[in-house]
Amino acid sequence: MEQNCVFGGECGNGLRESDALVIARCSVTGVRGVVAIGPIPAGEVIGQYIGHVQLFGPPCRNGPVNDGFRMHLKTRSTSNKHLGIDALETGGKLRLMNHACNPSARFHEVQAGRNLTVVAVTIRDISPGEEVTVSYGDRLWFVCRCGWDGCQHRDIQHLPDIHKQGGGGL
């Protein structure tokens, strides 16, 4: 693979995980996830969602779009097939970001020519010790326990947790 960046990808245009992120138990929620160890400003690209790119069938009409560590993408292949990233067996810290209905980051698909990647971008300032979260969308495969007053899933909070084999982060 030819490297065309004289800085080896370590400049402001290179994609890498933020040094201000660790995998830890959040002191506020008590849940293990991605936690900021330094301040992160709004609009910061904090890393890539890394995994195996796969062709998937279309998401079920009434089922979850994403499941476990599998993320279905909006972008389609050149043959109009559904693309996705499966980070179950490989990936970085971002695959461990937990769901929240009022998240601190958002996933964005970014394409340059034939290269496609998914990055996480903060949507508000994040303080040290705060868990970095994303929204997994409207159709979840688990009972949301985000605790936010405006939780879009608050009507199912009384239901027991359902643990699916292979489930977990996004």
*Under the condition of being under 18 Å from residue 125 (Cβ atoms), assigned to a loop (DSSP other than H, G, I, E, B) and not small (Gly, Ala, Ser), which residue from the stretch 17-37 is modelled with the highest pLDDT?*
37
*For the stretch 115-135, which residues satisfy the criterion of being under 19 Å from residue 54 (Cα atoms) and either loosely packed, with under 14 Cβ neighbours inside 10 Å or within 11 Å of the chain's Cα centre (by Cα) (or both)?*
115, 118, 119
*Which number in (1) touching a strand residue (DSSP E or B) at 6+ places or on another chain (Cβ under 7 Å); (2) aliphatic (A, V, I, L, M); (3) modelled with pLDDT under 80; (4) surrounded by fewer than 19 Cβ atoms within 10 Å (Cβ to Cβ) marks the one condition that residue 112 misses?*
(1)
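The values are calculated or read from the model by the stated rules, or taken from the named source; none is laboratory data. All values reported here derive from a predicted model rather than from experimental measurement. Methodologically, a virtual Cβ is constructed for each residue, glycine included, from the backbone with ideal geometry; neighbour enumeration extends over all protein chains shown.
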